[in-house]
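Comments concern the structure below.
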Amino acid sequence: MAEKIFRLLVSFLVGVWLARYLGPSDYGVFQFAVSLVSIFSAMSALGLDVVSVRELISRPEDSNQILGTTFLLNIIGALLCFMLLTIVIILLDSNNETSLIVLIIGLSIFFNSFLTIDYYFKSIVKSQFILYANSVTLTTASVIKISLILWNAELVYFAWVVSVESMILAMSYCYFYMKTNRGLKSFLNWSFRVAEAKRLLKDSWPQIFSGTMLVILSRIDQVMIKEFVGNEEVAFYSVALRIVEIFAFVPIIFQNSLLPSLINSKKTSLSLYINRLKNYYRLNFTFAILTVIPIYFLADVIVLTMFGNQFREAIPILMLLSFRAIIGHMGIAKNAYMTIENLLKFSMMTIFFGTLVNVVLNYYLIPIYHSEGAIISTYISLFVTVIMLDFFHKKARKNIMLMLNAMLTFFLLKVNFIKSDTKD
């Protein structure tokens with residue numbers, strides 16, 4: 001958690017400086033490129049993160065086979081996704097500079113294949129090496145970005161930094177992997193097996209689908225705003241979104257920390273499980289409210305102080321976008337119930353329909369209402385994903401009623417609900 005907070009703080013501050021330096025036009029191009037590449041980057045991972053970690057834990061004797069197969073699958077996925085990215089940027093008919101920026105940043109997809117080592121460290125509970133690698137990468141990349149700003153560098157150099165950052169992370173992973181194993185020989189022991197590849201892909205395809213849909217849902221707005229409106233509008237929207245997403249990691253921490261307790265409470269008694277689940281939702285909703293209020297009422301101060309007068313048009317966008325924290329945080333919180341009740345396939349279906357609704361509404365609303373249209377589309381799609389579709393599933397319907405009840409009674413939150421008894 002400390003590493004995530006540190007990384008978030010440094011990335012945000014450097015990002016603010018970069019936005020002020022580039023200005024709305026160039027920053028819009030940069031954010032469009034990052035958003036577009038992130039969609040294909042998610043696809044290239046092939047959803048192997050969870051599956052590979054599980055297999056490495058359950059079959060440590062086959063670790064070299066699992067690692068080798070995962071790595072090669074990721075390389076193949078990266079190659080295919082980069083080719084697809086190239087086709088898409090050609091079809092979008094972007095100008096030469098924008099296309100170049102996208103393709104340079106797109107090179108980072110190949111270095112993501114080395115996340116295979118990340119899976120290995122997670123499987124043996126050696127997350128400190130992941131922390132070291134991320135910290136080295138973040139520090140180096142931040143120094144490079146600041147140096148380029150002071151050097152008055154052009155936009156293309158910052159695009160190269162994104163790919164260089166991925167390369168540094170890959171090299172850091174390799175260094176710590178060799179340090180904790182038998183040097184370079186440890187990589188030579190990796191092997192690819194067709195049977196292993198089939199096994200991994202059979203279990204990972206739902207993760208490929210849901211992971212890609214989630215990234216599309218979160219990034220397609222910026223891509224479509226650029227195509228329908230222009231670079232500066234992307235910059236204003238991206239600045240507002242960046243501020244709203246500052247605390248998005250908190251509900252994830254709540255979930256990771258409290259999920260074991262929720263699981264154990266279900267084993268103890270149904271009433272204790274429901275009580276803890278309700279307070280879990282109250283906790284997330286309370287935090288969301290505490291996030292929305294200051295952002296909404298201090299939007300002008302936040303934008304002008306951090307990004308300057310050139311991003312003034314982001315103020316009304318930020319005010320409207322601030323409410324995204326409520327339904328967004330509750331959507332993350334709902335994942336705990338979906339995991340416990342084994343409703344991940346249903347959850348995948350809701351994400352798909354929500355993403356479809358978002359893209360269709362963006363197509364019609366962005367040309368008319370610009371960023372506000374994208375925000376309206378986001379709220380409707382999140383409502384479909386998080387709330388509406390759950391009423392058509394028996395188990396999910398019970399949970400959504402419980403969640404809505406918790407939101408309406410958030411003031412009854414018990415801070416010590418993990419240790420509380422079965423009384424409501």
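Within the set of other residues whose C-beta is less than 13 Å from the C-beta of Asn335, count the net charge using Lys and Arg as +1 and Asp and Glu as -1. Please report the intermediate quantities before stating the final value.
Details: positive: Lys334; negative: Glu341, Asp390.
Here the charged neighbours net out to -1.
Quick check: the distance between the Cα centres of segment 166-216 and segment 55-100, to the nearest angstrom? Each part's Cα centre sits 11 Å from the other's.
Lysine pair count for segment 1-192 (Cα-Cα distance under 18 Å; residues 8 or more apart in sequence or on different chains): 4.
Mean-square fluctuations from a GNM of the chain, with a 10 angstrom spring cutoff on Cα atoms, peak among Ser269, Ser166, Ser99 at Ser269.
Here's the list of lysines a cross-link from Lys345 could span, going by alpha-carbon distance under 16 Å and ignoring same-chain residues fewer than 8 apart: Lys202, Lys334, Lys394, Lys395.
With a cut-off of 13 Å between beta carbons, the residues surrounding Pro316 carry a summed charge of -3, where Lys and Arg count +1 and Asp and Glu -1.
Any idea what the relative contact order of segment 1-111 is, in percent, if you count C-alpha pairs under 8 Å spaced at least 6 apart?
It rounds to 34 percent for segment 1-111.
For the chain, which longest stretch is free of loop sites, where a loop site is one of the trypsin sites (Lys or Arg not before Pro) that DSSP puts outside H, G, I, E and B and that has at most 16 other Cβ atoms within 10 Å? That would be 1-125.
Ordered by packing density, taken as the mean number of other Cβ atoms within 10 Å over each peptide's residues, highest first, how do 210-217, 298-305, 78-85 rank?
Listed from highest to lowest mean packing, they are 210-217, 78-85, 298-305.
In summary, the aspartates and glutamates within cross-link reach of Lys198, defined as a Cα separation below 18 angstrom excluding same-chain residues under 8 places away, comprise Asp49, Glu55, Asp62.
Ellipticity at 222 nm from helices only: DSSP H runs of n ≥ 4 in the chain, each -39500 (n - 2.57), divided by the residue count, give -28000 deg cm²/dmol. Between Val162, Val359, Val125, the GNM of the chain built on Cα springs shorter than 10 angstrom shows Val125 fluctuating the most. Here the Karplus curve 6.51 cos²θ - 1.76 cosθ + 1.60, taken at θ = phi - 60°, turns the phi angles of segment 212-221 into couplings of 5, 4, 5, 5, 4, 4, 8, 10, 5, 4 Hz, with x standing for Gly and Pro. Given Cα pairs under 8 Å that are at least 6 residues apart, what percent is the relative contact order of the chain? Over the chain, the number comes to 21 percent. Given Cα pairs under 8 Å that are at least 6 residues apart, what percent is the relative contact order of segment 1-192? Reported relative contact order: 30 percent. Here's the list of aspartates and glutamates a cross-link from Lys226 could span, going by alpha-carbon distance under 13 Å and ignoring same-chain residues fewer than 8 apart: Asp26, Asp93.
Please say if segment 275-424 is rounded, prolate or oblate, where rounded means a/c under 1.5 for a ≥ b ≥ c the square roots of the C-alpha gyration tensor eigenvalues, and otherwise the choice is prolate for a/b larger than b/c and oblate otherwise? Here segment 275-424 falls in the oblate category. Taking the charge dipole of the chain about its Cα centre, with +1 at Lys and Arg Cβ atoms and -1 at Asp and Glu Cβ atoms, the residue from Tyr296, Val234, Ala195 reaching farthest to the positive side is Ala195.
Every read-out reported here was derived from the displayed coordinates using simple, explicitly stated rules and does not represent laboratory data. Quick caveat, the model's predicted, so the values are computed rather than measured. Positions of Cβ are generated from backbone atoms using ideal geometry, with glycine treated the same way; all protein chains shown enter the neighbour counts.
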